[in-house]
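Inspection log for the structure reproduced underneath, given as structure tokens.
The values are calculated or read from the model by the stated rules, or taken from the named source; none is laboratory data. Since we're looking at a predicted model, the values are computed, not measured. Counting neighbours? That spans all protein chains shown, and the Cβs are built from the backbone with ideal geometry, glycine included.
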Amino acid sequence: MRIFLFIAALLAAPLCAPALSPLVPSEALALQPDEILKDPALEARAREISKELRCLVCQNQSIDDSDATLARDLRILVRDRLTAGDTDTEAVDFIVERYGDFVLLRPPFKNSTLILWIGPGVIFAIGIFGVTLWHRRRRVAVAAPVAPLSADERARVDAMLAEKPDQ
């Protein structure tokens, strides 16, 4: 029973994370003052794009949140593209063309990214199947009746118990 409570707690932990998000500062200090554009509308577009692009060094953060040098370079590149007149899509496509779909925090659903979309569900299903199978086998092993000792086996056990250990 304890194992199921432990597994349930592990599975529920990611679901509780959004509830704790107000406790974490939303604005990261990764964005340097010299990167900020003077035009607020352009800066807002750049921030939105930066939140959608993965830091290739950190891999679990957007370039907007990352302190890595490469993330800073990508933030500047996004701002340069927007300043040059690119649309949001053109700026993102420019970066994807150079770094691949991996740079997107939400990669598109296509053949090359199929494993990214289906993989977690398959791994989760295999894990649930494995835990269920393990639990059933364990229950059968525990519930299996133990055969009683034969008269010969009983006599041998009694003889072993009657022996005094050597000191």
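Here S50 meets the list (1) in a loop (DSSP other than H, G, I, E, B); (2) closer than 14 Å to L105 by Cβ almost entirely, failing just condition (1).
To keep it simple, each residue is scored yes or no on (1) surrounded by 11 or more Cβ atoms within 10 Å (Cβ to Cβ); (2) at pLDDT below 90; (3) in a helix (DSSP H, G or I).
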{"residue": "L116", "(1), (2), (3)": "yes, yes, yes"}
{"residue": "P120", "(1), (2), (3)": "no, no, yes"}
{"residue": "F124", "(1), (2), (3)": "yes, no, yes"}
{"residue": "F129", "(1), (2), (3)": "no, no, yes"}
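Return the pair list, or none, for Cβ contacts closer than 7 Å from residues in segment 59-73 that are assigned by TED's automatic domain parsing to the domain that holds E48 to residues that are among the polar types (S, T, N, Q) and assigned to a loop (DSSP other than H, G, I, E, B), at least 6 apart or on different chains. So the pair list comes out as R72/Q32. V146 - would you say it is among the β-branched types (V, I, T) and touching a residue at least 12 places away in the same chain (Cβ under 8 Å)? Taking the combined requirement at face value, the residue does not satisfy it. Screening V131, V92, V122, V140 for residues that are aliphatic (A, V, I, L, M), farther than 30 Å from I3 by Cα and out of contact with any Gly (no Cβ under 9 Å at 6 or more places or on another chain) leaves exactly one candidate, V92.
Go through the residues of segment 139-160 one by one and say whether even a single one is more than 30 Å from R54 (Cβ to Cβ) and among the polar types (S, T, N, Q). Yes: segment 139-160 contains one or more residues that are more than 30 Å from R54 (Cβ to Cβ) and among the polar types (S, T, N, Q). Within segment 44-62, the residues that satisfy the criterion of being over 18 Å from the mean Cα position of the chain (by Cα) and not charged (D, E, K, R) are A44, A46, I49, S50. Looking across A159, A91, A155, one residue alone is part of a helix (DSSP H, G or I) and closer than 30 Å to D39 by Cα. It is A91. Each residue in segment 57-78 was checked for being hydrophobic (A, V, I, L, M, F, W, C), in contact with a helix residue (DSSP H, G or I) (Cβ under 6 Å, 6 or more places away or on another chain) and not in a helix (DSSP H, G or I), and 2 pass.
Scanning segment 103-112 for any residue that is within 30 Å of R54 (Cβ to Cβ), touching an Asp or Glu at 6+ places or on another chain (Cβ under 8 Å) and part of a helix (DSSP H, G or I) turns up at least one such residue.
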